[in-house]
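S.K.: Pasting in a structure now, in structure tokens, and then I'll have a few things to ask.
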Amino acid sequence: MISLNVNDKNFEIDADPDMPLLWAIRDLVGLTGTKFGCGVAQCGACVVHLNGEAVRSCVTKVSRAQGQKVLTIEGLSNNNDHPLQIAWNEANVPQCGYCHSGQIMSAAVLLREKPNPTDEDIDQAMSGNICRCGTYPRIRKAIHMAAELSKKGGITK
Amino acid sequence: MITKLKHFTKGHKGIMRMACTMAIILSLVTLMAFALHDDKGKVVPLTNFVTVKDSLASVTAFKKVYRVLMSPRCMNCHPAGNIPLQGDDSHLHTMNPQRGIEGKGVFAMKCANCHQPTNTPGKNTPPGNPNWHLPPANMKMVFQGKTPYQLAKQLVDPKQNGNKDMKKLLEHADDGLVLAGWNPGEGRTLPPISHAEFKEAWTTWLNTGAYAPKK
């Protein structure tokens, strides 16, 4: 059995230690907001936070997450009201939406480390998250918007 | 000769004088052995290191070292810019990950987010190591574009080599990230010689004086 802490809840899962964390989150824990894209850390659809870092769960073995803190899109806020989620909604960022849980989780690390990011910061932070619909201008706009929103409410995750 | 023998037999003072002279000569030889020289004779002082200088053997060994260090497995993480290189053709790493202050990436693009403690199974998937990183921003230790002369000089300069003295340089042949070059994951060529051959060349180069080639 492997002990996982996902979104502040403890889980004991029966998994091979080499199982991708993404599999454990989706199929064993049952949280399907995190998506499978490429399976080889190339697209960013599967980004979750492992101890606060934006790891790609498709290549992260579940053994690496044992006893550590995992945060998925479902745990980013209590009521879908993280500044990034509000901004994403306000700016109508998604088109098909498939990549956006990964986009938001990457952006959350950026805002935590750089509360007022420049366009260059955004490019550097988000260059590993691919959007086949090409929503990049709206992603950038929403991150700036979230930065403004979070000045009022603060970002904790 | 007979005079000298007589002098030695004159007494204890003569023996003591001779012993002191020998000690001074030996000290000078030892001090010389603690220094490195480039091909222009400039002394590069080093500590905890005894060398038997041999410029020909040293430069010959460095040719092998240089071929390894300039191979993709080593050079790709010692780029001239702030983006690592990738692949056997040493192209810029896709996604343009940045070096960052500590050499471990920035924001959501940190090395360890994709590069796991071990290689990821499958062809051309992210290679892994627990300590995956580039040299830090304040000491980039660039290999890309360096001539043999430039690289040899850089490698023995503590101000450019990560503050390594000779002992640490010798040990660096068995560093985990250096060894990872010979375990690069599927789809990547190995360095041009084995790690054992590399270590022998590296050690020979350093132990024979770490001479820099002329160019």
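The values are calculated or read from the model by the stated rules, or taken from the named source; none is laboratory data. Since the structure is predicted, the reported quantities are computational estimates derived from the model, not experimental observations. Every residue, glycine among them, receives a Cβ derived from its backbone with ideal geometry; neighbour counts consider all protein chains shown.
S.K.: Quick check on my filter: what residues within segment B:148-179 are under 18 Å from residue B:191 (Cα atoms) and part of a loop (DSSP other than H, G, I, E, B)?
M.R.: Start the filter on segment B:148-179 by keeping residues that are under 18 Å from residue B:191 (Cα atoms), which leaves B:148, B:151, B:172-179.
Matches in segment B:148-179: B:173, B:174, B:175.
S.K.: Here is a follow-up. Can you tell me how many residues in segment B:93-143 are touching a residue at least 12 places away in the same chain (Cβ under 8 Å) and assigned to a helix (DSSP H, G or I)?
M.R.: Number of matching residues: 3.
S.K.: Then there's this: Look at residue A:98 and say whether it is of a type in the set (Phe, Trp, Tyr) and within 14 Å of chain B (Cβ to nearest Cβ).
M.R.: Values: of a type in the set (Phe, Trp, Tyr): yes; within 14 Å of chain B (Cβ to nearest Cβ): no.
The answer is no for residue A:98.
S.K.: Any chance segment A:67-78 includes a residue that's in contact (Cβ under 8 Å) with a residue 40 or more places away in the chain, within 18 Å of residue A:17 (Cα to Cα), in a helix (DSSP H, G or I) and of a type outside the set (Asp, Glu)? Break it down into steps so the answer makes sense when it comes.
M.R.: Going residue by residue through segment A:67-78, those that are in contact (Cβ under 8 Å) with a residue 40 or more places away in the chain are A:67-77.
Subset that is within 18 Å of residue A:17 (Cα to Cα): A:67-70.
Filter once more, keeping what is in a helix (DSSP H, G or I): none.
Within segment A:67-78 (the criterion being in contact (Cβ under 8 Å) with a residue 40 or more places away in the chain, within 18 Å of residue A:17 (Cα to Cα), in a helix (DSSP H, G or I) and of a type outside the set (Asp, Glu)), the answer is no, since none of the residues qualifies.
S.K.: Quick one: which of A:148, A:90, A:74 is touching a helix residue (DSSP H, G or I) at 6+ places or on another chain (Cβ under 7 Å), away from chain B (no Cβ under 14 Å) and of a type in the set (Asp, Glu)?
M.R.: Details: A:148 fails: touching a helix residue (DSSP H, G or I) at 6+ places or on another chain (Cβ under 7 Å); A:74 fails: touching a helix residue (DSSP H, G or I) at 6+ places or on another chain (Cβ under 7 Å).
When all the criteria are applied, what remains is A:90.
S.K.: Next question. Can you tell me which residue among B:122, B:100, B:105 is on the phi > 0 side of the Ramachandran plot, surrounded by 20 or more Cβ atoms within 10 Å (Cβ to Cβ) and within 14 Å of chain A (Cβ to nearest Cβ)?
M.R.: Details: B:122 fails: surrounded by 20 or more Cβ atoms within 10 Å (Cβ to Cβ); B:100 fails: surrounded by 20 or more Cβ atoms within 10 Å (Cβ to Cβ).
Answer to the selection: B:105.
S.K.: Does segment B:68-84 hold any residues that are in a loop (DSSP other than H, G, I, E, B) and aliphatic (A, V, I, L, M), and which are they?
M.R.: B:70, B:80, B:83, listed by residue number.
S.K.: Of the conditions (1) in a helix (DSSP H, G or I); (2) closer than 22 Å to residue A:122 by Cβ; (3) touching a residue at least 24 places away in the same chain (Cβ under 8 Å), residue A:89 fails just one. Which one is it?
M.R.: Result: residue A:89 passes all but (3).
S.K.: Quick one: would you say residue A:101 is touching a residue at least 60 places away in the same chain (Cβ under 8 Å), buried (at least 18 other Cβ atoms within 10 Å of the Cβ) and of a type in the set (S, T, N, Q)?
M.R.: Numbers: touching a residue at least 60 places away in the same chain (Cβ under 8 Å): yes; buried (at least 18 other Cβ atoms within 10 Å of the Cβ): yes; of a type in the set (S, T, N, Q): yes.
Judged against the criteria, residue A:101 is a match.
S.K.: For residue A:108, all conditions in the list (1) within 13 Å of chain B (Cβ to nearest Cβ); (2) surrounded by 20 or more Cβ atoms within 10 Å (Cβ to Cβ); (3) in a loop (DSSP other than H, G, I, E, B) hold save one; what is the number of the exception?
M.R.: (3)
S.K.: Check B:134, B:155 and return the single one that is within 21 Å of residue B:85 (Cβ to Cβ), in contact with a Lys or Arg (Cβ under 7 Å, 6 or more places away or on another chain) and not aromatic (Phe, Trp, Tyr).
M.R.: On the way: B:155 fails: in contact with a Lys or Arg (Cβ under 7 Å, 6 or more places away or on another chain).
When all the criteria are applied, what remains is B:134.
S.K.: Would it be correct to say that residue A:96 is buried (at least 16 other Cβ atoms within 10 Å of the Cβ) and either in the same structural domain as residue A:139 (by TED's automatic domain parsing) or over 22 Å from residue A:144 (Cα atoms) (or both)? Steps first, please.
M.R.: Values: buried (at least 16 other Cβ atoms within 10 Å of the Cβ): no; either in the same structural domain as residue A:139 (by TED's automatic domain parsing) or over 22 Å from residue A:144 (Cα atoms) (or both): yes.
No, not satisfied.
S.K.: Could you please tell me which pairs satisfy a Cβ distance under 8 Å, a separation of 6+ or placement on different chains, a first residue in segment A:38-53 that is facing another protein chain (nearest Cβ under 10 Å) and touching a residue at least 12 places away in the same chain (Cβ under 8 Å), and a second residue that is outside any loop (DSSP other than H, G, I, E, B) and hydroxyl-bearing (Ser, Thr, Tyr)?
M.R.: Qualifying pairs under 8 Å: A:44/A:106; A:47/A:101; A:47/A:106.
S.K.: Check A:81, A:121 and return the single one that is more than 14 Å from chain B (Cβ to nearest Cβ), acidic (Asp, Glu) and without any contact (Cβ under 8 Å) to a residue 12 or more places away in the chain.
M.R.: Details: A:121 fails: more than 14 Å from chain B (Cβ to nearest Cβ).
Criteria check complete, one pass: A:81.
S.K.: Return yes when residue A:13 is buried (at least 24 other Cβ atoms within 10 Å of the Cβ), away from chain B (no Cβ under 14 Å) and at negative phi and no when it is not.
M.R.: Spelling it out, it is not the case that residue A:13 is buried (at least 24 other Cβ atoms within 10 Å of the Cβ), away from chain B (no Cβ under 14 Å) and at negative phi.
S.K.: Given the conditions (1) part of a helix (DSSP H, G or I); (2) crowded, with 19+ Cβ neighbours inside 10 Å, and given that residue A:27 satisfies all but one, which numbered condition is not satisfied?
M.R.: (2)
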